[in-house]
Each structure stands twice: as C-alpha cells, then as structure tokens.
1. Go through (1) in a loop (DSSP other than H, G, I, E, B); (2) in contact with a Pro (Cβ under 9 Å, 6 or more places away or on another chain); (3) surrounded by fewer than 23 Cβ atoms within 10 Å (Cβ to Cβ) and name the single condition Y244 misses.
2. Count, please, the residues in the range 80-134 that happen to be small (G, A, S) and within 17 Å of the chain's Cα centre (by Cα).
3. Quick test for you: out of G267, G272, G203, pick the one residue that is touching a His at 6+ places or on another chain (Cβ under 9 Å) and closer than 15 Å to S155 by Cα.
4. Having 3 or more residues that are in contact with a helix residue (DSSP H, G or I) (Cβ under 9 Å, 6 or more places away or on another chain) is the bar; report the strands (runs of 3 or more DSSP E) wholly within the range 44-142 that clear it.
5. If the Cβ limit is 6 Å and pairs must be 6+ apart or interchain, which residue in the range 99-113 that is among the β-branched types (V, I, T) pairs with which residue that is in a helix (DSSP H, G or I)?
6. Run down A228, A193 and say which single residue is assigned to a strand (DSSP E or B), of a type in the set (A, V, I, L, M) and modelled with pLDDT of 95 or more.
7. When you check C117 against the structure, is it touching a Lys or Arg at 6+ places or on another chain (Cβ under 7 Å), modelled with pLDDT under 95 and not charged (D, E, K, R), yes or no?
8. For residues that are open to solvent by 80 Å² or more (accessible area, probe 1.4 Å) and not hydrophobic (A, V, I, L, M, F, W, C), scanning just the range 140-159, find the one that is modelled with the lowest pLDDT.
Amino acid sequence: MNESACDKRISVIILTINQREQTLRCIEKLQQSKSSDHSFHITVWDNGSNDGTVEAIHALDPSVTVLRSDTNLGVAGGRNAAAKAVIDTESPDILLFLDNDMVVEENFVKALAEPFCSEKGSTIGQTQAKLLLSDDPERINDGGGCNVQFWLGRSRPVGYGEMDRGQFDDAKRCTACCGGAMAVRADLFVSLAGFDERFNPFGPEDLDFSLRLQKMGFEAWYIPAATAYHDVNHTIGGNYSEEYATSRSRHWLRLMRRHANAMDWLGFIFIGVP
C-alpha cells in the first residue's frame, strides 16, 4: 500500500480480569513500541479483577487510563463499554483492540493505523496484525485473519501452526479479522453498534463484527508489518467444559443464520453436524 502521513487519533483498548502480570507486560511492550511520529493513548478495561491489577497499572504507568466494572461484562461487553467511554472522552479516529496476552513488536500501532491513511483508506474498515506463537515464535498463530468454515462448523486462523518462512508477509484482504489485535474505524464501530454481546461468553463476536463490517462495503486487511506474539495456551486455558461446548454450538448457529449461504447450510447439515 502507498502510505501517506498519518495523523489519525488512535485509542488502544486492552481488556483484563485477574491477569495482572500479563496485562503489565502488554502495556510495557506496547509503550516501548511507540515511534517518534506516531502517538496513541492506552485504556485498560478491568472486568472486576481482585488481584491488584488496577493499582499495579497506576504504579507502572500513570498515563494509562484504567476503567473498572464491578462485574465481569465478558469480552464483547467489556470492549463495548471501553469503546463507548473512549469515544466519548477522546474522539478517536481509530480504535485498536488488543488482547492482554500479546507482546507487540516495534511500530505495531503505527503499522495497523497507516492503511487507513493510504490511497485505499476510505474503503478500509479494519486491519489486523500478524501473530506468532509466544512459546514457539517461529510458528504462525495468525497469518491473515480467520477462515470461517461454516460447512465444518469451525473457524481457523490462516496458517495456524505453520513455520514462519515469510509466506505470510504480504498485506492482503481478510475473509474475517480476528479481534485479538485488530484496529477499526471508530465511526464504523459506532454504526455497527460494536460487538454483539449475545456472543458472550466464548465468542465469536469478533468474526461476526468483521463479517457485518464487510457487508457494509468496507474491506478488512491483514497487515504483517504489525507483528505480535500471542500466549495462545493462556487464552484457551484448556477448559473445554459442557458450558463451553453448549455456548459455542449455540453461537455458531447464530453466526450461520446471519452470514452463511445455502451451500454452507447444506454442507453443515450433511458434513459438519455428523
């Protein structure tokens, strides 16, 4: 992409609950990634931590805004609440949602923001980063967004588990952006009423959001110049409970009702369900 000078106002939103050390590390690395010609403001939304997260953030970096809910609003609810507060107080052009278990490389925010200032900027609705596995940094976690396979009843990040040999180092359009390291135009976020909180808990509110955004005629782009390392095991936690399975199934059907076509449904009925 041809990049022009980018003067967009950027607000970074990090969600946390009882993950003090991961959140402090995320903030520290994010602040270190700043470039001299690109600034941003960080807001942390705390979903009811009782491990001293709020106090620790204030001690680490007083410039970070910390907002707190007494109850856990979930991923979609917490992000929506944080976005509303940030839009009301900061009037950003771009919202950047970052999972607290990410470790970003230099110029991460700048790289995700610059496509919005490019010649194609008016058509771009969101961008997402290249993610590597933090416990195996030569392997891909996400190399181009998420492939949504309605007929199989599953989604999978592009290139997941592959060795990183540069095969995912070209910017390209995404089928759907994952929400863990994703920037979006603030006006579009408002127009779409944010993430659908009916996908709480366990998602995939991020895939639904990206598909809705693209139905409005905007593009979702993968930007490998923005690279981060992701604690996938920390995120998943290995807790495949009955509640998890039930919620994921119910939410998948909601996602299909909104976005799947007739062929997707036929494949799902005869292949995915069995």
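1. Single failed check for Y244: (1).
2. Looking only at that region, the number is 8.
3. Within the list G267, G272, G203, the selection yields G203.
4. Working: elements: 65-68, 94-99, 102-104, 124-133, 136-142.
Hits in the range 44-142: 65-68, 94-99, 102-104, 124-133.
5. As it stands, the answer is V103/K29; V104/K29; V104/L30, since those pairs meet every condition given.
6. The match here is A228.
7. yes
8. Per the stated criteria, the residue is R154.
The values are calculated or read from the model by the stated rules, or taken from the named source; none is laboratory data. Every value quoted in this text rests on a predicted model; they were computed, and no experiment measured them. Here the Cβ is made from the backbone with ideal geometry for all residues, glycine too, and neighbour counts use every protein chain on show. In case anyone asks, the SASA skips ligands and DNA or RNA and just uses the protein heavy atoms, side chains included. Shrake-Rupley method; radii C 1.70, N 1.55, O 1.52, S 1.80 Å.
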